[in-house]
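What follows is a single structure, written as structure tokens, with notes after it.
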Amino acid sequence: MTYLSERLAQYWLLARFDKPIGILILLWPALWALWVASNGKPDALVLSVICAGVVVMRAAGCVINDYADRDFDPHVQRTQQRPIAAGKVSPKEALYVFAVLGLLAFGLVLLLNPLTIMLSFIGAFLAASYPFMKRYTHLPQAYLGIAFGWAVPMSFSAQSNDIPVVGWIMYLAVMLWSLIYDTMYAMVDKEDDIKIGVKSTAILFGHYDRQIIAALQLIMLSLLISIGQMQALGSAYYIGLLVAAGLCIYQQRLIYKREKTQCFKAFLNSNWLGLAVFIGLAVDYLHL
């Protein structure tokens, strides 16, 4: 392997392109928003830019996250082999990769309307600042929801040059969904995080973590139901939500004993919840 190919391979791992779950759970809400904003017929350019932007910004978020956590990751079993933690990519290199990805994302958003370009600056700030929140608050997972959910108003803006009330309700639902699955993710690292002083909702919620997650799941599903009512959606959408509700119950079963592997499995299962809602939306709009 040449030096260049070896560096590129490490940058690929740094950006987590080998683990697409993060792309998918960020992409589904963006697609929900595009389908609602366009009544199931998104503009081809907008769809392409939003999908590409999700991939690039998720990668940038992973890079800056590993840079921020470079002193923590070597002490957490799950993250010890990440490129910076393992000494295979220097912090300075990571900042260069982040800058390149940021420029790519900005180049993409320039293809969209002025409102979306303006919103992109907020999104970039949220993505870059999120990794540092775990030092100062027990709610970094809530902040992640604010950052990840920003794809929703951006998608509405890109498609219709407006963010209606339904868009903000969807944003709130996605914020809660991100808080749910990232708390499950944080439950995997809870013991290590306590040892090294990293804050998380998994630590904050304590023995009530499962109950709080269940309450958040109910609120999220209620918000998604309200979106269906506001948009006069039909049975296909609600079947999608019924599947999503079943997956929420399954995730509760997985995290019941708080075993690390099962909590991580519950996190991964969130992808199917996002897909179920999207399929319900897409099928429903085909019949409108």
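The values are calculated or read from the model by the stated rules, or taken from the named source; none is laboratory data. Nothing here was measured: the structure is a model prediction, and the numbers come from that model. Neighbour counts are summed over all protein chains in view; Cβ atoms, including those assigned to glycine, are modelled from backbone coordinates with ideal geometry.
Out of (1) crowded, with 16+ Cβ neighbours inside 10 Å; (2) in contact (Cβ under 8 Å) with a residue 40 or more places away in the chain; (3) under 24 Å from residue 114 (Cβ atoms), the odd one out for residue 47 is which?
Tallying (1) crowded, with 16+ Cβ neighbours inside 10 Å; (2) in contact (Cβ under 8 Å) with a residue 40 or more places away in the chain; (3) under 24 Å from residue 114 (Cβ atoms), residue 47 fails exactly one: (2).
So residue 202 clears everything in (1) surrounded by 14 or more Cβ atoms within 10 Å (Cβ to Cβ); (2) out of contact with any Ser or Thr (no Cβ under 7 Å at 6 or more places or on another chain); (3) not charged (D, E, K, R) except one condition, right? Which one?
(2)
Just name the residue that is surrounded by the most Cβ atoms within 10 Å (Cβ to Cβ) out of those in region 184-199 that are within 18 Å of residue 69 (Cα to Cα) and touching a Phe, Trp or Tyr at 6+ places or on another chain (Cβ under 7 Å). Can you show your working first?
First, the residues of region 184-199 that are within 18 Å of residue 69 (Cα to Cα): 185-199.
Cutting the leftovers down to touching a Phe, Trp or Tyr at 6+ places or on another chain (Cβ under 7 Å) gives us 185, 188, 196, 198.
Numbers: 185: 21, 188: 23, 196: 13, 198: 20.
The selected residue is 188.
Within region 142-153, track down each residue that is within 10 Å of the chain's Cα centre (by Cα) and part of a helix (DSSP H, G or I).
If we filter region 142-153 for residues that are within 10 Å of the chain's Cα centre (by Cα), which is where we start, we get 144-151.
Listed by number, the residues that qualify are 144, 145, 146, 147, 148, 149, 151.
Any chance you could count how many residues in region 197-245 are among the aromatic types (Phe, Trp, Tyr) and closer than 20 Å to residue 185 by Cβ? Let's see the steps before the verdict.
First, pick out the residues of region 197-245 that are among the aromatic types (Phe, Trp, Tyr): 205, 208, 237-238.
With the extra rule that they be closer than 20 Å to residue 185 by Cβ, the set shrinks to 205, 208.
Count: 2.
Checking residue 285 against (1) out of contact with any Gly (no Cβ under 9 Å at 6 or more places or on another chain); (2) touching a residue at least 12 places away in the same chain (Cβ under 8 Å); (3) among the aromatic types (Phe, Trp, Tyr): exactly one of these is not met. Which one?
(1)
I need every pair where a residue in region 1-19 that is touching a residue at least 24 places away in the same chain (Cβ under 8 Å) and within 10 Å of residue 89 (Cβ to Cβ) has its Cβ under 6 Å from the Cβ of a residue that is aliphatic (A, V, I, L, M) and surrounded by 11 or more Cβ atoms within 10 Å (Cβ to Cβ), sequence separation at least 6 or different chains.
Cβ pairs passing all conditions: 10/89; 11/97; 14/63; 14/89.
Go through (1) surrounded by 15 or more Cβ atoms within 10 Å (Cβ to Cβ); (2) assigned to a helix (DSSP H, G or I); (3) out of contact with any Phe, Trp or Tyr (no Cβ under 8 Å at 6 or more places or on another chain); (4) not polar (S, T, N, Q) one by one and return the number of the condition residue 16 breaks.
(2)
Of all residues in region 207-250 being aromatic (Phe, Trp, Tyr) and over 15 Å from residue 280 (Cβ atoms), which is surrounded by the fewest Cβ atoms within 10 Å (Cβ to Cβ)?
Keep residues of region 207-250 that are aromatic (Phe, Trp, Tyr), which gives 208, 237-238, 250.
Still in the list and also over 15 Å from residue 280 (Cβ atoms): 208, 250.
Working: 208: 11, 250: 14.
Looking at the filtered set, the residue picked out is 208.
I want to confirm something. Restricting to region 39-73 and keeping residues that are of a type in the set (Asp, Glu) and in contact with a Lys or Arg (Cβ under 9 Å, 6 or more places away or on another chain), which single residue is nearest to residue 27 (Cα to Cα)? Show your work before the answer.
The first filter runs over region 39-73 and keeps only residues of a type in the set (Asp, Glu), leaving 43, 66, 69, 71, 73.
Imposing the further condition that a residue be in contact with a Lys or Arg (Cβ under 9 Å, 6 or more places away or on another chain) reduces the set to 66, 69, 73.
Details: 66: 21, 69: 24, 73: 26 Å.
Here the answer is 66.
Being of a type in the set (Lys, Arg) and modelled with pLDDT under 90 is the requirement here; does residue 58 meet it? Step through it out loud before you land on a result.
Numbers: of a type in the set (Lys, Arg): yes; modelled with pLDDT under 90: no.
It is false that residue 58 is of a type in the set (Lys, Arg) and modelled with pLDDT under 90.
For the structure I just gave you, tell me whether residue 266 is surrounded by 16 or more Cβ atoms within 10 Å (Cβ to Cβ), farther than 19 Å from residue 145 by Cα and either touching a residue at least 40 places away in the same chain (Cβ under 8 Å) or not charged (D, E, K, R) (or both). It would help to see each step written out before you state the result.
Details: surrounded by 16 or more Cβ atoms within 10 Å (Cβ to Cβ): yes; farther than 19 Å from residue 145 by Cα: no; either touching a residue at least 40 places away in the same chain (Cβ under 8 Å) or not charged (D, E, K, R) (or both): yes.
Taking the combined requirement at face value, the residue does not satisfy it.
Conditions (1) in contact (Cβ under 8 Å) with a residue 24 or more places away in the chain; (2) outside any helix (DSSP H, G or I), marked per residue:
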| position | (1), (2) |
| --- | --- |
| 138 | yes, yes |
| 155 | yes, no |
| 158 | yes, no |
| 168 | no, no |
| 173 | yes, no |
| 184 | yes, no |
| 199 | yes, yes |
| 206 | no, no |
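Determine the pairs where a residue that is surrounded by fewer than 19 Cβ atoms within 10 Å (Cβ to Cβ), located within region 77-97, has a partner that is of a type in the set (Ser, Thr, Tyr) with Cβ atoms under 9 Å apart, the partner being 6 or more residues away or on another chain.
The qualifying pairs are 91/67; 93/11; 95/67.
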